[in-house]
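Notes follow once the structure below has been shown.
Each reported figure results from applying straightforward, stated rules to the coordinates on display, with no laboratory input. A quick note: this is a predicted structure, and the numbers were derived from the prediction, not measured. When we count neighbours, we look across all protein chains shown, and the Cβ atoms used for this are built from the backbone with ideal geometry, even at glycine.
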Amino acid sequence: MPSGSRRLNSWKEIAAYLDRNPRTVQLWEKHEGFPVHRLTHASRSSVYAHTAEIDEWLEARSGQLPAGERAVSGAVAGDSANPQLASGHVTGNLEKLNRESSASSELAVKRPTSQMSLSAWLWPLVIGVMAVGALGSVWLWLHSRRPVARAAAIAVLPFEDQAAPSQSFGRGLTDHVIAALEDSRQFIVIPRRLSQRYGGPQLSLPELASHLHIAYVVRGLVAEGGGQMSVTAELMDAVHDRHLWGRTFVFKSGHTVQSEEELAAAVAEAVSAQISGAPLQTWKAPVSPDPRAVQAYFAGRFYREQRDLPDLERAVSSFQKAIAIDNKFAAAYSALAETYDLMPGRGVISSGKAFRLAKKNARAALDHDPHSAQAYSALAFATYHQDWDFPKAEDYFRKAITVDPNSAMAHQWYGTFLGEMSRFDESLTELQRGSHLQSLSPAIGSALAAGYEHAGRLSAAEDELKRIIDMYPNFVPAHDGLMSVYVEKQELSAAAAEAREMATISGDPASVAWVQIRQLEAAGHMRQARTEAAQLNKGVPLDPYRRAQLAFLTGQYDSGYAALEAAFQRHSWRLVGMLVDPAFSSVRHAPRFLAVARRVGLPITPTQGQRVNREHAD
């Protein structure tokens, strides 16, 4: 077995590790060289896989994380003397620790993370849902926590285990430290797989901070001898490669899972005290809702991730069913609010009604759980799209991330918001954070690609979208995004091919017509492009914002401004993205265009205000 790896002994275990269903993994093994080993028996064969080989295969498919990015803000400010390692002593099951040197000698016993039992029929469904996160993470996702002052990004590197090879104390301790820090909701905790992949000696701490966008690292060493086991743990300022805290715990050999949890709790307590100056916060999970409500809730989560209209409607029905069963189920209210946020523009409900329902259900979630990160995120999304109240929306987003730093959707939506406010560096930091937390989510990956596109990083956007399409060939938003990237790169033949693929999947040929118009415009056939645009609008009447896009793309500026004014009068939710919409590139710096943006309330940067497109200036 590869060093540091774990053996998975069935298709079910392998699929659970990858957050996919077994059939998908079997197809990967058949067609894509997925690393599976077989043992042949008398009557049948069995399979197994090593996690290290799986991670290498995934890395070969997906590529490395972007290097050179700025580390997350919140790194240790100032300088201080490095404390020396202090020794402690734990006896029995670690009930007392470091009695001689610490006034607080009692070691709190941490309650194991709650687990949710699901009926057998639901398990395959949950495996499908897990493209948005592992089951344990989803369970924690249900239970938001109360706010803390600031969230720090932290990675727990695998504890080096020099004890007997047959023991696995270091690996278990690493997982328990991660769980203790995650459960507190005080920190953004990097997923274990990423920490393991990049935590070797090949990278310095500052390089690791840049790769993983972290401020802190927890690492340690496990050793055994003379009937005793010692664990040395330390906290490092990863950005400045600086020691902040360390301690050695010594106890009798013959450890138990209980002692791993207690020791992990002690490490997490010390980390919290060093970073925030406050004790580690742990919260009692809400009373478990009715199992039938939980089943309906997970079904809704699965449908919502598909992002197409029929599945969004199924998601709404599922969440409403969960609420009908248990009308105090806060997570179902917040998930329903998030789903309504995704409904505008799909033809079955007006944007005004969708956002009103989103806010109504988000507030209902907060009534039952005042610390619901998902509710704050849904409220923020509706507030900036419907009310154009951007400062209040940002307050809600920050509240969501403070309450739950590990909410991938909150980071995704906040990052999208920041991009539409033209704050591209901040946007990419949030979007990358969401992608790191849920690297298999097609929606988050597509949002990250849009962030790259808005920031002008078209190659990065293309790579991310191809990664998503490779995993989810029928995910329409990824095809839509890739078509847009090809158009911006002036690779119109590739854009046309992508549009045809998207039309085949969605059954909507409109994307093909849009690309044909761009091809005619690029070839100088402007009159024919305008004729095609008129036919497109005649076939399926477009809303004013879409008409403005077509008008500006085909050089009809008076018509474009008239349509833009109509969109403003209708309070179109799409206007919040007008400053980064590629369709408006020809007028993005024109005074008349910027005047509409100011009326919407969008922030105009000095560069935007000074750069005037002279060809189309008013």
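Descriptive notes on the structure:
- Extension gain, His240 to Arg500, is 88.6 nm, computed as 0.36 nm per intervening residue step minus the present C-alpha separation.
- Each residue in Leu39, Leu244 was given a count of other beta-carbon atoms within 10 angstrom of its own, and listing them fewest first yields Leu39, Leu244.
- At R0 = 25 Å, FRET efficiency that the Cβ-Cβ distance of Glu160 and Gln274 yields, to 0.05: 0.75
- Peptide ranges 595-602, 429-436, 11-18 listed from the most packed, as the mean C-beta count within 10 angstrom indicates: 429-436, 11-18, 595-602
- Filter on Lys12/Lys321; Lys321/Lys360; Lys399/Lys466; Lys12/Lys466 - keep pairs with C-alpha separation over 22 Å: Lys12/Lys321; Lys399/Lys466; Lys12/Lys466
- Thr402, Thr531 arranged by Cβ crowding within 10 Å, fewest neighbours leading: Thr531, Thr402
- Multiplying the residue separation of Arg527 and Gln490 by 0.36 nm and subtracting their alpha-carbon distance yields 11.3 nm.
- Whether region 474-517 is rounded, prolate or oblate, judged on the alpha carbon gyration tensor where a/c under 1.5 counts as rounded: oblate
- Region 286-404: radius of gyration over Cα atoms, expressed as a fraction of 2.2 N^0.38 Å: 1.00
- Largest-first principal axis extents of the Cα set of region 368-462 (Å): 44, 28, 18
- Distance between the 7 Å Cα→Cβ label points at Thr605 and Asp463: 2.2 nm.
- Inter-part distance, region 375-417 to region 515-589, computed on C-alpha centroids, equals 29 Å.
- Shown for Ile54, Ile214: other C-beta atoms within 10 Å of each C-beta, ranked fewest to most, produce the order Ile54, Ile214.
- With the simple model of a label 7 Å out from the Cα in the direction of the Cβ, Arg570 to Glu313 spans 2.1 nm.
- For the pair region 323-355 and region 437-472, the centres of their Cα atoms are 26 angstrom apart.
- Simple spin-label estimate for Tyr48 and Arg356 gives 6.1 nm between the two label positions (7 Å along the Cα-to-Cβ direction from each Cα).
- Modelled FRET efficiency - R0 45 Å, Leu221 with Lys30, Cβ distances, 0.05 increments: 0.60
- FRET E, pair Asp395, His37, Förster distance 41 Å, beta-carbon r, rounded to 0.05: 0.20
- Volume of the convex hull of region 351-410 (Cα atoms only), normalised per residue: 64 Å³.
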